[in-house]
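Remarks on the structure that follows.
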Amino acid sequence: MSQNGFIFCKPFSTTTLSSTSWYGSCTTTRASASLTKTTIHEVTDVDAKICKFYEAGNLKNAMKLLSVSQKSELETNTYCSVLQLCAELKSLEDGRKVHSMICSNGLVVDGVLGSKLVFMYVKCGDLREGRRVFDKVANEKVFLWNLMINEYSKIGDFGESICLFMKMQELGIEVNSHTFSSVLKCFAALGNIEGGQQVHGYLLRLGFGCYNTVVNSLIAFYFKCGRVESAQKLFDELADRDVISWNSMISGYALNGLAKRGIEFFKEMLCLGVDVDLATIVNVHVACASIGTLLVGRAVHAFAIKSFFDGELMFNNTLLDMYSKCGDLDAATQVFEKMGKRSVVSWTSMMAGFVREGLSDGAIRLFSEMERKGVSPDLFTITSVLHACACNGSLESGRDVHTYIQEKKMDSSLFVSNALMDMYAKCGSMEDAYSIFSQMQVKDIISWNTMIGGYSKNCLPNEALNLFVEMQRVIKPNSITMACILPACASLAALERGREIHGYVLRNGFFSDHYVSNALVDMYVKCGVLVLARLLFDMTPSKDLISWTVMIAGYGMHGFGSEAIATFNAMRNEGVEPDEVTFISILYACSHSGLLSEGWRFFHIMRNECNFEPKLEHYACMVDLLARVGKLSKAYKFIETMPIKPDATIWGALLCGCRIHHDVKLAEKVSERVFELEPENTGYYVLLANIYAEAEKWEKVKILREKIGRRGLKKNPGCSWIEIRGKVYVFVAGDSSHPQTKKIESLLKRLRMEMREEGYFPKTRYALINADDMEKEVALCGHSEKLAMAFGILSLPYGKTIRVTKNLRVCGDCHEMAKFMSKSASREIVLRDSNRFHLFKDGNCSCRGFW
């Protein structure tokens, strides 16, 4: 703590890295030869000759003459002139030679000579050596301190800049307005509001509160720290406002999400006759872009042309960015094509515009064109093109960009590595994503979240959960991590893991994050705990469209159509309008509850009130609804009158209806359409085989099985899983490798006997084999969901709900068996199959036959 009350951020020390320099009032200029011609000493011939070389900018000859004159007594100003020339030409090698000569000749490195040496090193990019000289020079000149403060801020070492400022106070170095302007930028960059306020108080005590440059810096500082009112107050109290003052207000309001207010300042500026500059126009266009005000943006564009700013590269870059962000890609393209000179920023902004409009292919083409024209992409360009590849799933183009990155040795950048992982994850290649992740020397929170989210979205929930455990050993998860890992729990129906993460969310205050609260509701929905999902939904303070849609879809999955409709109506009453996904959810809910008239009503609301043209998903829901309630002919006609070509999902929904209502003739007709569209999808062959088996047409079942064999198709093996005390147990149809297989089989055999005694006979048609009933019954007993449910009864304490998940649709026999199990064992069984939830209780199922 210094005498002025400032807190030191780090030790007063040297550092690496470098940047270009600002140089103040002591810069030697060629226009003045005072250092060599107007001195109180007699000027030697060598001094005069070197001075002439300096004035001519001839460093080579100046260095030659200096080298052969090392032992002569040259003027200090002569060395300063050569050092100034080294700095201007950025010749670090020559500058070091001059420094060596100075030391060899025994000159004292102090005052002007020391300052010039520091300036030369900083200007030539060697900040470390510049700092070493600076620390040895007993210099009280404020410009040198300002130079160092400014240079450290340029390389992002704001803490060191602030420490230098503190050191100035300790040594009693007199500060100036530039000192305050520089250090306020550092406090703003660090978001250190308290430190900045202390500087504010200090500068007021020294009388700098009336300096325009200082007040403008204060305004910028308060805006960057989110203190809008403080910035406004300073502006209001500033008597002599310049264009920078107004620009600071426009950009500051835009920065704080108040772009409309910033535009109002621009209008007021024009009314008062304040001359605008290029920065004004750029700031206003940035404000227009942030709120999509295209009309104002065009008007400012016209004003800029009249004011002759349209030739400036910075203006054109901001202009095309404004047009693309306001949705006018044609205008942005026109600006881009008319630009006489394009920078890497121009190309990158244009690419980002294409991606924003969903034209990722155009962005990738632009990148290729940019390469051909010899424009070197920067990190932002690379991440933009990778984002384009990710958006359209272009794995091949993404790999080409990856090769380019490796050739240019840009893969060491954390920024680029994260973008590469994201691209591979969104293109479905998690192996490539993990390959990058595993080779990264440094990983940040974004790296871990990208991988966990990628595994979740690519149906690899176990990998996501394993990586989440590994992550916690090295870095603390944040709210985004929670939003990424919760879908993995939902996918596995891993309720216990989900509850653990819920506890972590509450302990760390993440529930206020919309993404997290929505993911939590979705997790409980998909884990079958609808009551908790609804409780969390009601606790969410500000529900967005996703919140409502998740809840509507949840009710639909659980077969509570009426509740889904009530939630949909409540959403609209709250002023939240549905989107296309919401309509899919409500139509799905109507379908799984057999609510035909309500389904038609929502279908018409979507088209007539909300002006959404139905997509294939919406048509699929309507076909499914008609088919489930037995309106098979109407469903068939509905498909034939669709304005868009039906896909296999549409015909598949009708095929499912044929199975429910045992319409073999129509099933054969529909299957022809399905097999034509998706000849490799085994699921549809199995569905038709089920229809034949239920009708006991075994010869046709045999023909289908042979067809599947000839095509080399393989049926996805049925598997089910159950979570017991935090561990997930997986059961595969017909597998007998589980340690408790004998106990499971014994329990199932006993339950079968009890079912027979009550007059129930197994639905052997679901065995899909032409054998005697005993063989079929044995085959049915091996269905994975039965094994998992039986294991749950054996392993979980009495009264505990059994929660089982299956990767395929539950078969009719297992559905009946589950109903009987719930009654016989007095247990609630929640079974989630690929289609919906089934809650079995007291011999009944919540689906009421609509599954």
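The values are calculated or read from the model by the stated rules, or taken from the named source; none is laboratory data. Because the structure is a prediction, the values reported are computed rather than measured. Virtual Cβ from ideal backbone geometry, glycine too; neighbours counted across all protein chains shown.
Within segment 305-336, the only residue that satisfies the criterion of being part of a helix (DSSP H, G or I), closer than 13 Å to Thr280 by Cα and among the polar types (S, T, N, Q) is Thr318. Annotation note: of Ala667, Ala627, Ala695, the sole residue that is without any contact (Cβ under 8 Å) to a residue 40 or more places away in the chain and surrounded by fewer than 19 Cβ atoms within 10 Å (Cβ to Cβ) is Ala695. Here Gly799 fulfils each of the conditions (1) at negative phi; (2) under 52 Å from the mean Cα position of the chain (by Cα); (3) at pLDDT 50 or above apart from (1). Listed by first and then second residue, the pairs with beta-carbon distance under 8 Å, at least 6 apart or on different chains, first residue in segment 581-599 and within 17 Å of Glu613 (Cα to Cα), second crowded, with 24+ Cβ neighbours inside 10 Å and hydroxyl-bearing (Ser, Thr, Tyr), are Val581/Thr549; Thr582/Thr549; Ser585/Thr549; Gly599/Ser591. Gly556 meets the stated requirement of being touching a helix residue (DSSP H, G or I) at 6+ places or on another chain (Cβ under 8 Å), buried (at least 19 other Cβ atoms within 10 Å of the Cβ), in a helix (DSSP H, G or I) and modelled with pLDDT under 95. The single residue among Ser384, Ser346, Ser417, Ser376 that is touching a residue at least 24 places away in the same chain (Cβ under 8 Å), more than 21 Å from the chain's Cα centre (by Cα) and part of a helix (DSSP H, G or I) turns out to be Ser346. Does Glu745 satisfy the condition of being modelled with pLDDT under 90, touching a Leu at 6+ places or on another chain (Cβ under 9 Å) and part of a helix (DSSP H, G or I)? For Glu745, the condition - modelled with pLDDT under 90, touching a Leu at 6+ places or on another chain (Cβ under 9 Å) and part of a helix (DSSP H, G or I) - is met.
Any residue that is at pLDDT below 95, of a type in the set (Asp, Glu) and part of a helix (DSSP H, G or I) - is there at least one of those in segment 509-520? No, because not a single residue in segment 509-520 is at pLDDT below 95, of a type in the set (Asp, Glu) and part of a helix (DSSP H, G or I).
The residues of segment 646-669 that are under 14 Å from Ala620 (Cα atoms) and in a helix (DSSP H, G or I), listed by number, are Ala648, Thr649, Ile650, Trp651, Gly652, Ala653, Leu654, Leu655, Cys656, Gly657.
Only residues that are touching a His at 6+ places or on another chain (Cβ under 6 Å) and modelled with pLDDT of 85 or more were counted across segment 815-836, and they come to 1.
Residues of segment 200-213 that are in a helix (DSSP H, G or I) and either at pLDDT below 95 or over 39 Å from the mean Cα position of the chain (by Cα) (or both): Gly201, Tyr202, Leu203, Leu204, Arg205, Asn212, Thr213. The single condition among (1) at pLDDT below 85; (2) assigned by TED's automatic domain parsing to the domain that holds Val804; (3) exposed (fewer than 13 other Cβ atoms within 10 Å of the Cβ) that Tyr760 does not meet is (3). Looking only at segment 806-814, decide whether some residue is farther than 21 Å from Val701 by Cβ and either modelled with pLDDT of 50 or more or over 46 Å from the mean Cα position of the chain (by Cα) (or both). Within segment 806-814, one or more residues are farther than 21 Å from Val701 by Cβ and either modelled with pLDDT of 50 or more or over 46 Å from the mean Cα position of the chain (by Cα) (or both). All conditions but one from (1) among the small types (Gly, Ala, Ser); (2) closer than 29 Å to Gln84 by Cα; (3) surrounded by 20 or more Cβ atoms within 10 Å (Cβ to Cβ) apply to Gly196; the one that does not is (2). How about segment 799-831: which of its residues are closer than 16 Å to His783 by Cβ, basic (Lys, Arg) and surrounded by fewer than 22 Cβ atoms within 10 Å (Cβ to Cβ)? Answer for segment 799-831, where residues must be closer than 16 Å to His783 by Cβ, basic (Lys, Arg) and surrounded by fewer than 22 Cβ atoms within 10 Å (Cβ to Cβ): Arg809, Lys819.
Restricting segment 237-284 to residues that are in a loop (DSSP other than H, G, I, E, B) and among the small types (Gly, Ala, Ser), the residue that is farthest from Leu218 (Cα to Cα) is Gly273.
Among the candidates Ser562, Ser585, the residue that is assigned to a helix (DSSP H, G or I) and within 29 Å of Pro461 (Cα to Cα) is uniquely Ser585. Take the conditions hydrophobic (A, V, I, L, M, F, W, C), under 24 Å from Val442 (Cα atoms) and surrounded by fewer than 20 Cβ atoms within 10 Å (Cβ to Cβ) and apply them to Leu386. Does it pass? No. Is it the case that Leu495 is among the hydrophobic types (A, V, I, L, M, F, W, C) and free of Cβ contacts under 8 Å to residues at least 12 places away in the same chain? In short, no.
How about segment 818-851: which of its residues are closer than 19 Å to Val531 by Cα and aliphatic (A, V, I, L, M)? Within segment 818-851, Ile829, Val830, Leu831, Leu839 meet the criteria.
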